[in-house]
Amino acid sequence: MSVSDLIGALDAIPKLSAAAAPAASSSNSVFMDAPDWLTETYMQDALRDFYGDQRIKITCLQVHPALGKGENYGGVLTRVKAQFTRRDGTCQIGHYIVKSTFESDEFARNAMEPYDIFNREMNIYEEVLPKLKALLHEIGDGEEIFAETMTVDYDRSVLIFEDLSAREFVMPDRLTGLDLKLARLVLRKLAKMHATSAVLNEREDRALESYDRGMFNRHTDNYAPCFLGMLQAASRRVAQWPGYELYAEKLEALLPVYMELGKRVFDVCPGQINVLAHGDLWTNNVLVKYDKETGEAENVIIIDFQYAAWGSPAIDLFYFLNSSLEFDLHLNNQEELIHYYFNIFSDTLRKLSFKAAIPNMHQFHQQIQQKAFYGMHTTISIFPIQRNVETADADFNALMQNNQRAINFKNACYGNPASQRIMRQLLPKFEQEGLLDADQ
């Protein structure tokens with residue numbers, strides 16, 4: 001995850017070389033669990049490059065972890081508050097989020113390496129999102145969708161963003177899920193992102209089709225221990241429920257084909273509408289600004305593009321709708337929300353003069369239903385992780401390993417009443433739709 005708005009121009013994002021040797025920190029600076037390289041010198045250089053002011057001097061720096069355990073598995077997030085003086089003598093306070101890799105964890109680094117998530121995300125923030133924003137401006141749409149990037153550092157695989165918490169954006173409650181109004185806000189912005197990406201790919205000679213390393217892909221199975229381990233834990237839990245023995249057996253029987261079924265979701269289908277999918281769109285990857293008086297959501301920002309992939313809009317729709325909604329919406333409102341998304345998606349395509357065929361609602365529904373496995377996968381194997389409340393062992397290694405600690409963590413995910421409740425409701429539906437069949 002990351003945080004902020006979108007930068008206005010491609011060349012406005014400075015690139016840093018590796019930081020020089022750390023300088024002594026100001027006596028007013030506080031560092032709590034910060035990466036070793038994240039020093040005053042590093043932040044000062046970043047600020048100087050971003051503002052084009054080589055006389056910026058940090059006078060106070062506060063650095064501390066941005067999230068707790070179990071809130072993010074895709075990198076290290078650090079919150080920074082910097083007080084600094086400018087060339088003209090004025091004093092300024094800036095709030096930033098620094099996103100970096102698991103550089104000190106060799107296992108996590110090796111597991112993620114084939115997905116190339118950090119380089120891809122940096123490239124998307126630097127090259128792709130500004131162009132999507134420009135396309136919206138082309139049709140007079142100035143809606144803020146993405147996060148503003150202050151620094152892209154390829155040498156250290158680091159992104160620095162404005163910390164949107166200073167603008168009163170917050171992360172919604174992942175344990176409760178999103179209400180109807182907030183879900184529509186997210187889907188409206190997702191529809192515009194998808195539509196502009198389809199147009200950009202068409203105008204720039206298939207430039208986005210190289211993003212082919214989503215959660216499931218044809219290049220690596222490194223995340224199989226997570227997906228298969230969660231499936232096994234689900235089967236163990238379901239087997240304990242009277243009357244659910246058939247579903248437990250079917251979940252277990254999916255193990256040999258599970259990764260292939262996931263890859264088929266991410267396979268591009270020629271002749272169908274394809275987009276740059278976010279790839280990991282759930283509660284913790286949106287930031288929300290709430291109205292102070294009513295408490296209702298009034299704006300959202302989509303963040304974190306590590307798993308962006310070219311493919312069906314179904315990737316994001318099924319993942320978001322089966323991971324991030326309130327219980328009743330999860331069960332009863334998915335078709336309504338897909339229809340809401342589609343109207344904005346198709347309208348934006350038409351406004352941008354998309355040349356390829358735009359499917360009607362019936363055709364679109366048929367296309368995404370070919371990927372319905374992903375809705376089942378998200379409900380059974382992802383939702384329990386995202387609603388997990390047992391955070392003592394909640395880390396990347398617990399997801400990806402097969403040792404006893406990892407097995408205990410995965411089992412604990414299914415002890416959550418929220419996960420059990422949604423699975424009890426939807427397993428019969430998935431079985432009726434053939435989504436638990438190994439030969440689907």
**Asked** Separation between the Glu209 and Ile407 pseudo-spin-labels, each 7 Å from Cα along Cα→Cβ, expressed in nm?
**Response** 4.5
**Item:** Alpha-carbon spread of segment 134-288, three principal axes, descending order, Å
**Value:** 56, 39, 36
**Complete:** Using alpha-carbon coordinates alone, the radius of gyration and Dmax of the chain in Å work out to 22.0, 73
**Message:** Show me the three semi-axes of the equivalent ellipsoid for segment 301-440, from the C-alpha gyration tensor (sqrt of 5 times each eigenvalue), largest first, rounded to whole Å.
**Reply:** 31, 18, 14
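Over the chain, average the accessible area per residue using a 1.4 Å probe and give it in Å², no decimals. Write out the running numbers ahead of the final one.
Values: 17620 Å² over 440 residues.
Ligands and nucleic acids excluded, the figure is 40 Å² per residue.
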**Request:** With springs connecting C-alpha atoms under 10 Å apart, model the chain as a Gaussian network and identify which of Gly177, Gly229, Gly94 has the largest mean-square fluctuation.
**Result:** Gly94
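In the P(r) worked out for segment 80-174, what percent of Cα pairs fall beyond 21 Å?
Details: 2347 of 4465 pairs.
It works out to 53 percent of all Cα pairs.
Just the projected area, averaged over all directions, of the convex hull on the alpha carbon atoms of segment 184-240: how many nm²? It would help to have the intermediate numbers written out before the result.
Numbers: hull surface 25.6 nm².
The directionally averaged projection comes out at 6.4 nm².
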**Message:** Just to confirm the number: angle between the C-alpha axis of helix 334-351 and the first principal axis of the chain, 0 to 90 degrees, nearest 10?
**Reply:** 50
**Prompt:** Evaluated at 20 °C with a viscosity of 1.002 mPa s, what Stokes-Einstein diffusion coefficient in µm²/s does segment 245-377 have when Rh comes from the Kirkwood expression over alpha-carbon pairs?
**Reply:** 129
**Asked** For the chain, what is the relative contact order in percent, using Cα pairs closer than 8 Å and at least 6 residues apart in sequence?
**Response** 18
**Complete:** Long-range alpha-carbon pairs in segment 320-401, meaning those over 15 Å apart, account in percent for 68
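By its C-alpha gyration tensor, with a ≥ b ≥ c as the square roots of the eigenvalues, how is segment 144-229 shaped: rounded for a/c under 1.5, else prolate for a/b larger than b/c, else oblate? All intermediate terms of the calculation are to be shown ahead of the outcome.
Numbers: a/c = 1.30, a/b = 1.18, b/c = 1.10.
Rounded, since a/c falls under 1.5.
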**Message:** Taking amide H atoms as placed 1.01 Å from N in the peptide plane, list the residues 5 or more away in sequence, or in a different chain, whose amide H sits under 5 Å from that of Val30.
**Reply:** Leu61, Gln62, Val63
**Complete:** Dividing the helical contributions, -39500 (n - 2.57) per DSSP H run of n ≥ 4, by the residues of the chain yields a 222 nm value, nearest 500 deg cm²/dmol, of -11500 deg cm²/dmol
**Message:** Against the empirical 2.2 N^0.38 Å scaling, what ratio does the C-alpha Rg of segment 366-412 come to?
**Reply:** 1.42
**Fill in**
quick shape note, segment 284-336: Cα extents on principal axes in Å, largest first -> 40, 28, 15
**Request:** Could you please state how large a percent of the accessible area of the chain is carbon and sulfur, counting protein chains only and using a 1.4 Å probe?
**Result:** 47
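The values are calculated or read from the model by the stated rules, or taken from the named source; none is laboratory data. All of these numbers come straight from a predicted model, not from anything done at the bench. Methodologically, a virtual Cβ is constructed for each residue, glycine included, from the backbone with ideal geometry; neighbour enumeration extends over all protein chains shown. Only protein heavy atoms, including side chains, enter the accessible area calculation; ligands, DNA and RNA are left aside. Shrake-Rupley method; radii C 1.70, N 1.55, O 1.52, S 1.80 Å.
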